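Asker: Quick one: structure below, then a few questions.
Bear in mind these aren't lab numbers, they're just calculated from the coordinates by the rules spelled out. Given the structure is predicted, the values throughout are model-derived calculations rather than measurements. Here Cβ is always computed from backbone atoms with ideal geometry, including for glycine, and neighbour counts include all displayed protein chains.
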Amino acid sequence: MRWLDKILILLNDCFAFGLLRRNYKLHRFHGIINKKYEKKPIALEAYEALAERYAELIDTKSENAYYERPATISLLPEVRGKRVLDAGCGAGVYSEWLIEHGAEVVAFDVSPAMVALAKQRLGDGAEIRRADMEKPLDFLGDADFDIILSALALDYIENWTGVLAEFYRVLKNPGTLIFSVGHPAMRFMLDKREDKSYFDTRLEKTEWKGFGAPYVIVPSYSRPLEAMITPLIDAGFRLERICEPRPGEDFKRADPESYERLSRFPGFICFRAAKD
Ligand SMILES: C[S@@+](CC[C@H](N)C(=O)[O-])C[C@H]1O[C@@H](n2cnc3c(N)ncnc32)[C@H](O)[C@@H]1O
């Protein structure tokens, strides 16, 4: 990529997150460069293709139902009576859990198909909308939520600075952010390229077979642990706890082969951070 493109993309990101918005002339300039450099959500196409099958399997798929979800939920504080934002809600399985446990839920996702499925699942139980977390969350006010939950969605965001600044803004003080992503060590082990470096944040394309045929290529970013924790702390959060889930007996019964693998190798990592 040419150096000029790189500078313009950086400028465009600064505009998008309001860092340069106050200057009117620059604002007009943003309109011009935004047309060419606006980022398209990298996983949108993949999730549009996967949405129906994702919604069908997500309640019982072992990696989610018996592994990632219990670990992420174990990090949640009491949700009853709390206002919770489900960021990257997919088909709404977490939102449903939150509602069942007494929370008031606002949820969003970038995929219209996922939003439709979440609405189907949740009815009037939650406010659900389409939004891209790589852009400012203008539809949300400051200090509006007690908890933000973002499960397996930040893997699709290259630069976490903007989204974490927005999460910090819309959280009350005190407030809690819980999120899960692919484990950096797992991502590194899966990548067989000789020129790979654990320390790079890089775009990878993986063919997902777990949701059945036709298989879908899902692009996502892998990054080192440092590139997860540093922007979190820089955004103002205090890291409270991490969880590297291990599969339990229910997982073993459902999927003995993956149980062996995930008992020895990491799959996901979950974080709890506080705004206080
Ligand atoms: C692996 S799914 C997880 C869905 C849900 N949180 C769950 O655990 O079932 C990832 C979700 O992130 C959404 N997503 C990807 N990029 C996004 C973005 N830029 N903004 C909002 N959502 C995004 C996808 O559309 C997809 O629904």
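Asker: Would you work out the Kirkwood radius for the stretch 44-275? I mean one over the mean of 1/r across all pairs of different Cα atoms, in Å.
Answerer: Over the stretch 44-275, the inverse of the mean reciprocal pair distance is 18.0 Å.
Asker: Specify the residue with the greatest mean-square fluctuation among 260, 166, 68, computed from a Gaussian network of the chain linking alpha-carbon atoms under 10 Å apart.
Answerer: 260
Asker: Sum -39500 (n - 2.57) across every DSSP H segment of at least 4 residues in the chain, then divide by the residue count to get the 222 nm mean residue ellipticity, nearest 500.
Answerer: -11500 deg cm²/dmol
Asker: Calculate I(q)/I(0) for the stretch 111-203 by the Debye formula, one identical point scatterer on each C-alpha and no solvent, and give its log10 at q = 0.13, 0.15, 0.22 Å⁻¹ to two decimals.
Answerer: With one equal scatterer per Cα and no solvent, log10 I(q)/I(0) is -0.59, -0.75, -1.22.
Asker: Kindly put 262, 140 in sequence by how many other C-beta atoms sit within 10 Å of each C-beta, fewest to most.
Answerer: Lowest to highest Cβ neighbour count: 140, 262.
Asker: Please compute the net charge surrounding residue 113, taking Lys and Arg as +1 and Asp and Glu as -1 over other residues with Cβ under 15 Å from its Cβ.
Answerer: -1
Asker: Where does the Debye-calculated log10 I(q)/I(0) of the stretch 149-276 sit at q = 0.15, 0.19, 0.20 Å⁻¹, using only Cα point scatterers of equal weight, no solvent?
Answerer: Log-scaled intensity ratios, in q order: -0.81, -1.15, -1.22.
Asker: So, one more: For the stretch 245-252, just list the computed ³J(HN,Hα) in residue order, Karplus coefficients 6.51, -1.76 and 1.60, θ = phi - 60°, integers in Hz, with x standing in for Gly and Pro.
Answerer: Along the stretch 245-252, the couplings run x, 10, x, x, 5, 5, 5, 4 Hz.
Asker: Measure off 7 Å from each Cα along the Cα-to-Cβ vector at residue 45 and residue 198, then give the distance between these two points in nanometres to one decimal.
Answerer: 3.3 nm
Asker: List, in the order given, every pair from 135/196; 40/61; 205/252; 209/252 whose Cα-Cα distance in the structure shown is over 23 Å. Mind dumping the intermediate values first?
Answerer: On the way: 135/196 29 Å; 40/61 29 Å; 205/252 28 Å; 209/252 20 Å.
Listed pairs above 23 Å: 135/196; 40/61; 205/252.
Asker: Let me ask something additional. Using 0.36 nm per residue of separation minus the Cα-Cα distance, give me the extension gain between residue 142 and residue 209 in nm, one decimal.
Answerer: Values: separation 67, 0.36 × 67 = 24.12 nm, distance 4.01 nm.
Gain on extension, residue 142 to residue 209, equals 20.1 nm.
Asker: How high is the FRET efficiency from residue 229 to residue 38, r the C-beta distance, R0 41 Å, rounded to 0.05?
Answerer: Computed FRET efficiency for residue 229 and residue 38: 0.90.
Asker: Quick one: if the Förster radius is 35 Å, what FRET efficiency do residue 53 and residue 78 give, using the C-beta to C-beta distance and rounding to 0.05?
Answerer: Working: r = 34 Å, r/R0 = 0.96.
E between residue 53 and residue 78, to the nearest 0.05, is 0.55.
Asker: Need one number for the stretch 131-184: average projected area of the convex hull over its C-alpha atoms, nm².
Answerer: Approximately 3.7 nm², given one-decimal rounding.
Asker: Relative contact order (percent) for the chain, with alpha-carbon contacts under 8 angstrom and 6 or more residues of separation?
Answerer: Working: 479 pairs, mean separation 52.9, N = 276.
Normalised by residue count, the contact order of the chain is 19 percent.
Asker: Which of the aspartates and glutamates could a cross-linker bridge to residue 82, judged by Cα under 18 Å and excluding same-chain residues fewer than eight apart?
Answerer: 96, 100, 104, 124, 127, 142, 144, 146, 276
Asker: Under a 5 Å amide H to amide H cut-off, with H placed in plane at 1.01 Å, what residues pair with residue 75 once short-range neighbours are removed?
Answerer: Under 5 Å from the amide H of residue 75 lies no amide H from a residue far enough along the sequence or on another chain.
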